Amino acid sequence: MKVFLTGGTGYLGSQLLEGLLDAGHEVSALTRRPRTDDERPGLRWVLGDLGERLPEASEFNQHAVVVHSAAMVKTWAPDPTEFDRVNVLAYQKLLERCAIAGVTKVVHTSSFFSLGPSPSPTPIDEKSRAERTHFYTDYERTKYLADQVTDRFLDKGLPIVTLYPTILFGPGKCTDGNLLGKLAYWVREGTFPGQIGSGRQVWNYAFVPDVVAGHVAAIERGMGGHKFILGGENIALSDILRMIFTKLDKPVKMRTIPVPIAETLGRLMEFGARFTKKAPELTRGAAGAYREHWAYSSTRAERALGYTITPLDEALDQTVDWVRGLESWGDSE
């Protein structure tokens, strides 16, 4: 089928583009700049962006499905309102175009952050999404607001499938969204700054190829109004760090940084970033997130979409092998 894709050059989106083509779909991918370096059969680049150059509705009515995977996935920006512009307002404009065009299905890549932390190490599911007032980062806040936009358009009759990937990892691009890849690179280089918090917090990690397959399944089988967590195994932070150290043949030496101290360091780094305009390695909000459990269940996606989870040990092997081959963090962007 014909699929319109946003975010096709990002960490997840670039691999989703490949997955769609491999599945036999015809893809029109939004791009900010002309792309003459990739003109494969079944792929068409559409010039524009999610701001002032969003394609008209006539572009979208040529496609059976619109997949919105674009987002501002960062922990900090010089202007925090950029998160609102990209993650909320641009998404709303896109849905307005889709509604006018009569698009039969929109697949929205949301985030586990929209669901919020789990009260305990016991995994929560899609039904646990509740009204929230506290957020650690602007990314988390705006992904929650974007889901409210989804709800409003669902009420108007636009069929939207919402996907909630958890913490993404695996070979690909060196971006802020590739958390475990960056941690593994620091361990490889001997520059890992330390474990924030007790390490007992349980988080959920999703292997990117699994999430790509989940998107393809949602495009083909998901129904409007359905919501699916696309995750992986739940594991304590200290345990997954030990796995990374071991796989890189490094002695397991982890300095522990209490969360309040990490928050203070993050606040100082944010202050410095106002002058350098370079993103800080740590922010107060990102440090604060280590207070929480982020444990989730993908059971609904497994049952309805045939979603499968690659064993964590196997997925980490592939990730570490990729990290070993990097010349520097960022050389695969």
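Derivation of every value follows stated rules applied to the coordinates shown; laboratory data play no part. Given the structure is predicted, the values throughout are model-derived calculations rather than measurements. Here the Cβ is made from the backbone with ideal geometry for all residues, glycine too, and neighbour counts use every protein chain on show.
What Kirkwood Rh does the chain have if only Cα atoms enter the pairwise 1/r average? Answer in Å. Could the numbers behind the result be given before it?
Details: mean 1/r = 0.0489 Å⁻¹.
Answer for the chain: a Kirkwood hydrodynamic radius of 20.4 Å.
Would you list which lysines come within 20 Å of LYS182, measuring only between C-alpha atoms, while excluding same-chain residues fewer than 8 positions from it?
LYS74, LYS173, LYS247, LYS250, LYS253, LYS278
Considering the Cα trace of segment 1-149, what is its radius of gyration and what is Dmax, both in angstroms?
16.2, 49
Which lysines have a Cα less than 30 Å from the Cα of LYS156, not counting those fewer than 8 places away in the same chain?
Reachable lysines: LYS2, LYS93, LYS105, LYS127, LYS143, LYS227.
Tell me which residues come under 5 Å, amide H to amide H, from GLU233 once H is placed; ignore anything under 5 positions away on its chain.
TYR205
If you take the charge dipole of the chain about its Cα centre, with +1 on Lys and Arg Cβ and -1 on Asp and Glu Cβ, which of SER198, PRO311, ALA218 is farthest toward its positive end?
SER198
Just the C-alpha atoms of segment 173-315: what Rg/Rh do they give, with Rh taken as the Kirkwood radius? Show your work: numbers first, answer last.
Working: Rg = 17.4 Å, Rh = 17.0 Å.
Using Cα coordinates only, the ratio equals 1.02.
Over segment 201-309, what is the mean sequence separation of C-alpha contacts under 8 Å (at least six apart), divided by residue count, expressed as relative contact order in percent?
43 percent
So, by mean Cβ neighbours within 10 angstrom, what's the order for 26-36, 273-283, 206-216 with the highest one leading?
Values: 26-36: 16.1, 273-283: 14.1, 206-216: 24.5.
Per-residue Cβ counts within 10 Å, averaged per peptide and sorted highest first, yield 206-216, 26-36, 273-283.
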